[in-house]
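Notes for the one structure printed next.
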Amino acid sequence: PSLFIAKERDPAESRVAGSVESVRKLKSLGFDVDVVVEAGAGMRSRVPDAEFEKAGARIGTAADAKSADVILKVRRPTAEEVTGYRSGAIVIAIMDPYGNDAAIAAMAEAGLTAFAMELMPRITRAQSMDVLSSQANLAGYQAVIDAAHEYDRALPMMMTAAGTVPAAKVFVMGAGVAGLQAIATARRLGAMVSATDVRPAAKEQVASLGAKFIAVEDEEFKAAETAGGYAKEMSKDYQAKQAALVAEHIAKQDIVITTALIPGRPAPRLVTREMLDAMKPGSVVVDLAVERGGNVEGAEAGQVVERGGVKVVGHLNVPGRIAASASLLYAKNLVTFLETMVSKETKALAVNMEDELVKATALTHGGAVVHSAFGGANG
Ligand code: NAD
């Protein structure tokens, strides 16, 4: 088959859906594959065309997408890109499907088999294909780097002949994949770290990273985890108790990093204007949930704003701020998923629509929308 790694159309997207390693891996899967990389696709992830070529890819143009059996992308293809694909082609990307029904319908109409990587089930078998985790990990790291960049002081305690610089106090709200990485990164930089979450399981994970756990641990908290390991939306009463505890804690922090999300719901509002006002001037708040509505009141998507002397950081596409690493991991997620589609016997590309991972991620197939969340029967 022919496989096409596209150059991203969105100027805000610095990642690429391929790496030197992923091209090599594709070439070694034992099936006859022609890998074409759109010229310049890897530039912003520090992979020059020549490196892709050395790994066995051919450098092509957008027109090569027309003959591709598989198209790999970071973002959902634009309407224009879709018209450049042949009917029957497989497209794999982070599709951002919710609220984008028209774009999904257009992919169905074009006869594409479209897969949304972010719908990959979080089961052991699919761990190496889990883009939410691979990208959230890097976002958690980058959030601390961004905070350190905005913070006009050092993070570690420094004892020098000229005096002592105190360690920064960092508070991480939401201790999922991104939050745990933020905790670990802030600890490595020598900060005094605390964290909160509404899932009881997070308590032990936070402690094991050497951070202090801050939460209202009542009966509701003890029952707050869903079967899938995700957070539930908490009651108004709990939210009020949590807010009071957090308000007191936040006032003493130098850096706050928020990462809290609830699947299928807007991000919970965790930091109010009053809480920002209670922080010391020069403090920094990084809102990693800004694309999903934001955890921080007054955070602005794509901007660093000042709120009463506190810098509120709302960068978009945070994994894209560390594009070379993010692309490397994303490309690996893609290849491991593709590997499941190569028949062991015939070494041919064969999508099994009954496969658990395919069912969970396929949005469109055979001219129709197939995913149940968007009107289909699968998923
Ligand atoms: P997420 O991105 O959905 O949310 C981030 C964190 O915010 C979560 O820990 C959540 O509990 C927390 N949160 C939500 N509301 C909050 C509130 N009001 N206050 C404080 N915190 C709040 O979560 P995630 O990073 O995707 O991880 C969710 C779970 O999935 C975790 O248990 C994680 O270990 C698990 N997970 C499993 C696998 C796997 O088995 N393959 C892979 C990745 C993650």
(request) Could you check, for segment 201-208, whether at least one of its residues is part of a loop (DSSP other than H, G, I, E, B) and either basic (K, R) or surrounded by fewer than 18 Cβ atoms within 10 Å (Cβ to Cβ) (or both)? (result) no
(request) Can you give me the number of residues within segment 317-347 that are exposed (fewer than 13 other Cβ atoms within 10 Å of the Cβ) and among the acidic types (D, E)? (result) 1
(message) Just to check your reading of the model, which residue among A350, A368, A362, A377 is of a type outside the set (F, W, Y) and surrounded by 16 or more Cβ atoms within 10 Å (Cβ to Cβ)?
(response) A362
(request) Only residues that are near the ligand (Cβ under 10 Å from one of its atoms) and polar (S, T, N, Q): list them for segment 203-216, please. (result) Q205
(request) Under 7 Å between Cβ atoms, at least 6 apart or on separate chains: pull out the pairs that start in segment 242-254 with a residue that is within 21 Å of H149 (Cα to Cα) and end on any residue that is of a type in the set (S, T, Y). (result) Q253/S283; D254/Y151; D254/S283
(request) Working only within segment 27-63, note down all residues that are charged (D, E, K, R) and under 12 Å from E8 (Cα atoms). (result) E38, R44
(request) Would you mind stating whether V33 is at pLDDT below 95, surrounded by 15 or more Cβ atoms within 10 Å (Cβ to Cβ), farther than 19 Å from V131 by Cα and in contact with a Lys or Arg (Cβ under 9 Å, 6 or more places away or on another chain)? (result) yes
(request) Inspect segment 64-75 for any residue being under 22 Å from G42 (Cα atoms), of a type outside the set (D, E, K, R), away from the ligand (no atom under 16 Å from the Cβ) and surrounded by fewer than 20 Cβ atoms within 10 Å (Cβ to Cβ) and give the result as yes or no. (result) yes
(message) Going through L245, L261 one at a time, which residue ends up being surrounded by 17 or more Cβ atoms within 10 Å (Cβ to Cβ), within 12 Å of the ligand (Cβ to nearest atom) and either among the hydrophobic types (A, V, I, L, M, F, W, C) or outside any loop (DSSP other than H, G, I, E, B) (or both)?
(response) L261
(request) Could you pull out every one of the helices (runs of 4 or more DSSP H) wholly within segment 48-147 that has 3 or more residues that are among the aliphatic types (A, V, I, L, M)? (result) 101-109
(message) Step by step: first the residues of segment 217-226, then only those that are within 11 Å of the ligand (Cβ to nearest atom) and surrounded by fewer than 19 Cβ atoms within 10 Å (Cβ to Cβ), then the one that is farthest from A247 (Cα to Cα). Which residue is that?
(response) T226
(message) Any residue in segment 127-149 that is over 14 Å from A184 (Cβ atoms) and of a type outside the set (A, V, I, L, M, F, W, C) sitting within a Cβ distance under 7 Å of a residue that is near the ligand (Cβ under 10 Å from one of its atoms) and assigned to a helix (DSSP H, G or I)? List the pairs, counting only those 6 or more apart or interchain.
(response) S133/V177
(request) Scan segment 186-202 for residues that are within 22 Å of the chain's Cα centre (by Cα) and either within 15 Å of the ligand (Cβ to nearest atom) or on the phi > 0 side of the Ramachandran plot (or both) and jot them down. (result) A195, T196, D197, V198, R199, A201, A202
(request) Just one of (1) crowded, with 21+ Cβ neighbours inside 10 Å; (2) in contact (Cβ under 8 Å) with a residue 40 or more places away in the chain; (3) away from the ligand (no atom under 14 Å from the Cβ); (4) of a type outside the set (V, I, T) trips up F171, so point out which. (result) (3)
(request) For segment 150-165, state whether one or more residues are surrounded by 14 or more Cβ atoms within 10 Å (Cβ to Cβ), more than 15 Å from the ligand (Cβ to nearest atom), of a type in the set (S, T, Y) and more than 23 Å from the chain's Cα centre (by Cα). (result) yes
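The values are calculated or read from the model by the stated rules, or taken from the named source; none is laboratory data. From a predicted model like this one, the values you see are computed outputs, not experimental measurements. All Cβ positions, glycine included, derive from the backbone under ideal geometry; neighbour counts span all protein chains shown.
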